[in-house]
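Novice: Here's a structure for you.
The values are calculated or read from the model by the stated rules, or taken from the named source; none is laboratory data. Because the structure is a prediction, the values reported are computed rather than measured. Cβ placement follows ideal geometry from the backbone for every residue including glycine, while neighbour counts extend to all protein chains displayed. Note: accessible area is taken over every heavy atom of the protein model, side chains too, but ligands, DNA and RNA are not part of it. Shrake-Rupley method; radii C 1.70, N 1.55, O 1.52, S 1.80 Å.
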Amino acid sequence: MKVAVSDRPWSQLRCDVLAIPVKSSGVLDGLEALDQALDGWLREAVQLERFEGKRDAVLHLFTHGRLPASRVVLVGTGQPDDPTDAVRRAAAAAARHAQAVRATRLGLWPGSFPATPEVAAAMVEGALLGSYRYTRHKTEKKPAVEAVEVVGVRGAGAAVRRARVLAEATWFARDLVNGPPNEVNPPFLAEVARQIGRQAGLQVRVFGPPQLRRMGAGAILAVGAGSRQPPQMIVVDYRPPRPRNTYVLAGKGVTFDAGGLDIKTHEGMETMKADMAGAAAVLACLRALPALEVPHRVVGIVGAVENLLGEAAFKPGDVVRALDGQTIEITNTDAEGRVVLADCLAYGRRYRPDAVVDLATLTGAAIVALGHFAAAILGNHQELVRSLVDAGRRAGERLWELPLYEEFVEAMRGEVADWKNSGGRYGGAQKGAAFLKAFVGPHPWAHLDIAGVAFLDKQEGQAPHLPKGATGFGVRTLLRWLAEV
Ligand code: BES
Ligand code: MN
Ligand code: ZN
């Protein structure tokens, strides 16, 4: 993908679609010169089509040689609260429209929105997010947007470069999550990590079953026991010179969650290739850190495992010992993510991190609570939670805090072991988080339950910048957070 930004006027841009975000309060505001260049056809078309600038609505017209751009497209933003969010979404809608009409060169001009680097960056981010398609396994590939150029904005080079890194990291996560589970299995994720290590110059360590046994990581081993694919704990270490802080990012990497012996229903299993979305977000972030010159040490820890039903599968009633020595009674083999993360979080303690953030498609309860419109965030440190929610707001990714009362921790105490892995259905997202909390130790920690937002197979939750399937949720929030803390 070619990406460019300049302060050239729109009148000089040669492209297939010149897209402009417009507010419903004044669809033609600031477009007088453009209307004149089009001999009044812009105003005419707005009236004929009764175009009101509603959010995501598109007005399309041909320029018939009056401009170097062959089409002009107005994209409605409604009455936006947040202009950055609005232009990101409008640019995504423009990119989708461009692809629908088989246009490959997309021009973007802020129109009546402020011509700031932030707006230019948000438009690039949106255009890239909106033009994403997963085509790896399609024999026939439809034409996609190949070049995005923002015009009419000065001094936005650095902001646009950063936006591009963020969007491409999101693509990377989406590709991993959309990938079929017969390809994207634990050894595959380990290989992806090694490749990231080579390309981005990061240290990568992978622990397979023999090392996990030696380390005493009995939790991830238990979950992986029912599959012929060996579980892998993957550690990716980004160490800039003289790092300011140390952060640990942990990701649930269940490459397929059949539920184990407590098997899921057909419907429950349909999207379970996406149960490694937390891991994908962590790997995508680590890969992008060098380009963003993040000044902190960041250690990504991924627990990659398949939750199947083989003859050696872990069973309800089993007691397993995690890396830190704490014991876990398995009361439900379908509550496997927290068991895997127990070992990952315990491993993370050795870095004495300034903060730990984990991402996991952990509970159906998080979807019941927030639908597909926000991830749940819970933690043991108010300031950390607040800073992540804030980064999410800047990224256009909603995080909504749920309470982690002591009662939820009590509900997870085991009968015969220290902890049990499932504590009943009510407050399920909080109980899952309460279990994780026990393995974090004394460090500031936040948990993002992304079960509802990582993968959208139905219409609900989809948006121009959030196509069907994997969303890459969390990547842009984490990268903004890491670049700005
Ligand atoms: N991977 C699922 C959670 C999930 C459900 C993610 C739907 C995305 C969409 C997780 O491993 C799981 O099965 N959780 C159980 C926990 C319960 C058994 C305590 C759940 O939420 O039902
Ligand atoms: Mn499960
Ligand atoms: Zn799961």
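Novice: Can you say whether His443 is outside any loop (DSSP other than H, G, I, E, B) and at negative phi, as far as the supplied structure shows?
Specialist: Here the answer is no, as His443 does not meet what is asked.
Novice: I need the full set of residues from segment 1-44 which are under 30 Å from the mean Cα position of the chain (by Cα), farther than 30 Å from Phe172 by Cα and crowded, with 22+ Cβ neighbours inside 10 Å, in order please.
Specialist: Result: Val22, single match.
Novice: Among the numbered criteria (1) within 21 Å of Gly371 (Cβ to Cβ); (2) open to solvent by less than 10 Å² (accessible area, probe 1.4 Å), which single criterion is violated by Leu478?
Specialist: Of the numbered conditions (1) within 21 Å of Gly371 (Cβ to Cβ); (2) open to solvent by less than 10 Å² (accessible area, probe 1.4 Å), the odd one out for Leu478 is (1).
Novice: It is to be established whether one or more residues within segment 394-413 are small (Gly, Ala, Ser), without any contact (Cβ under 8 Å) to a residue 24 or more places away in the chain, farther than 17 Å from Pro442 by Cβ and in a helix (DSSP H, G or I).
Specialist: Yes, there is a match, as at least one residue in segment 394-413 is small (Gly, Ala, Ser), without any contact (Cβ under 8 Å) to a residue 24 or more places away in the chain, farther than 17 Å from Pro442 by Cβ and in a helix (DSSP H, G or I).
Novice: Now, a different point. Tell me which residues, restricted to segment 242-264, are touching a residue at least 60 places away in the same chain (Cβ under 8 Å), over 20 Å from Ala167 (Cα atoms), among the aliphatic types (A, V, I, L, M) and open to solvent by less than 10 Å² (accessible area, probe 1.4 Å).
Specialist: Val248, Ala250, Val254
Novice: Residues that are more than 13 Å from ligand 1 (Cβ to nearest atom) and either touching a strand residue (DSSP E or B) at 6+ places or on another chain (Cβ under 6 Å) or open to solvent by less than 10 Å² (accessible area, probe 1.4 Å) (or both): does segment 265-274 have at least one?
Specialist: The answer is no; no qualifying residue exists.
Novice: Follow-up question, since we're still on this one. Considering every residue within segment 283-290, establish whether at least one is within 24 Å of Ala446 (Cβ to Cβ), open to solvent by less than 10 Å² (accessible area, probe 1.4 Å) and either within 16 Å of ligand 1 (Cβ to nearest atom) or of a type in the set (Val, Ile, Thr) (or both).
Specialist: No: segment 283-290 contains no residue that is within 24 Å of Ala446 (Cβ to Cβ), open to solvent by less than 10 Å² (accessible area, probe 1.4 Å) and either within 16 Å of ligand 1 (Cβ to nearest atom) or of a type in the set (Val, Ile, Thr) (or both).
Novice: Can you list the helices (runs of 4 or more DSSP H) lying wholly within segment 19-107 that have 2 or more residues being farther than 19 Å from Arg8 by Cβ, touching a residue at least 40 places away in the same chain (Cβ under 8 Å) and not basic (Lys, Arg)?
Specialist: Qualifying helices (runs of 4 or more DSSP H): 83-100.
Novice: Inside segment 254-280, can you point out the residues that are within 11 Å of ligand 3 (Cβ to nearest atom) and hydrophobic (A, V, I, L, M, F, W, C)?
Specialist: Across segment 254-280, the qualifying residues are Val254, Phe256, Ala258, Met269, Met272, Ala274, Met276, Ala277.
Novice: Within the set of pairs 6+ apart or on separate chains, which have a first residue in segment 372-385 that is acidic (Asp, Glu), a second that is in a loop (DSSP other than H, G, I, E, B), and C-beta atoms under 8 Å apart?
Specialist: Close Cβ pairs (under 8 Å, with a partner that is in a loop (DSSP other than H, G, I, E, B)) amount to Glu383/Pro444.
Novice: Out of all the residues in segment 63-72, is one or more under 32 Å from the mean Cα position of the chain (by Cα) and of a type in the set (Gly, Ala, Ser)?
Specialist: So far as segment 63-72 goes, no, none of its residues is under 32 Å from the mean Cα position of the chain (by Cα) and of a type in the set (Gly, Ala, Ser).
Novice: Another one. For segment 347-374, which residues satisfy the criterion of being buried (at least 24 other Cβ atoms within 10 Å of the Cβ), of a type outside the set (Phe, Trp, Tyr) and either more than 16 Å from ligand 2 (Cβ to nearest atom) or closer than 11 Å to Ala446 by Cβ (or both)?
Specialist: Listed by number, the residues that qualify are Gly348, Val356, Val357, Asp358, Leu359.
Novice: Within segment 45-54, can you find the residues that are open to solvent by 30 Å² or more (accessible area, probe 1.4 Å) and touching a Ser or Thr at 6+ places or on another chain (Cβ under 9 Å)?
Specialist: Glu52, Lys54, listed by residue number.
Novice: Any residue in segment 172-191 that is among the aromatic types (Phe, Trp, Tyr) sitting within a Cβ distance under 6 Å of a residue that is open to solvent by less than 10 Å² (accessible area, probe 1.4 Å)? List the pairs, counting only those 6 or more apart or interchain.
Specialist: Phe172/Ala284
Novice: Quick check, is Thr255 within 16 Å of ligand 2 (Cβ to nearest atom) and polar (S, T, N, Q)?
Specialist: Judged against the criteria, Thr255 is a match.
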